[in-house]
Amino acid sequence: MVHRLGHRPLPRAARHHFGRRMSATLPVYPWRLAKPVRPMTPGRSRALAAALRARRICPQCRRDAGYCIPRSLGACVPCADNP
Ligand SMILES: [Zn+2]
């Protein structure tokens with residue numbers, strides 16, 4: 001028997017505990033099996049910001065283009081237009 005929310009129904013004891021209405025609305029989720037979400041540490045955010053900044057520096061004119069340098073161009077748009 002498949003529950004209408006796509007979950008298997010609660011076991012009889014849990015259904016008795018929560019009542020008929022609650023068991024219809026609350027899906028059973030194995031919280032204890034869930035892995036905690038890794039928090040965004042200052043070091044990780046700093047490394048991410050550095051990576052994003054590096055992708056914005058044009059390798060030809062060494063300026064911050066203000067956007068990520070397209071891989072297809074390999075340089076900022078002015079440099080790609082005027083090689
Ligand atoms: Zn450039």
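Derivation of every value follows stated rules applied to the coordinates shown; laboratory data play no part. Small disclaimer: the values here were computed from a predicted structure and weren't measured. Using ideal geometry, Cβ is built from the backbone for each residue, glycine included, and neighbour counts are taken over all protein chains shown.
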- Report, by residue number, each residue of segment 40-60 that is within 9 Å of the ligand (Cβ to nearest atom) and loosely packed, with under 12 Cβ neighbours inside 10 Å. Pro59
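Considering segment 61-83 alone, what residues qualify as being in a loop (DSSP other than H, G, I, E, B), within 14 Å of the ligand (Cβ to nearest atom) and surrounded by fewer than 10 Cβ atoms within 10 Å (Cβ to Cβ)? Before you say what the answer is, go through the steps one by one.
Of the residues in segment 61-83, the ones in a loop (DSSP other than H, G, I, E, B) are 61-63, 65-76, 82-83.
Okay, now just the ones that are also within 14 Å of the ligand (Cβ to nearest atom), so 61-63, 65-70, 73-76, 82-83.
Passing the criteria: Arg62, Gly66, Asn82, Pro83.
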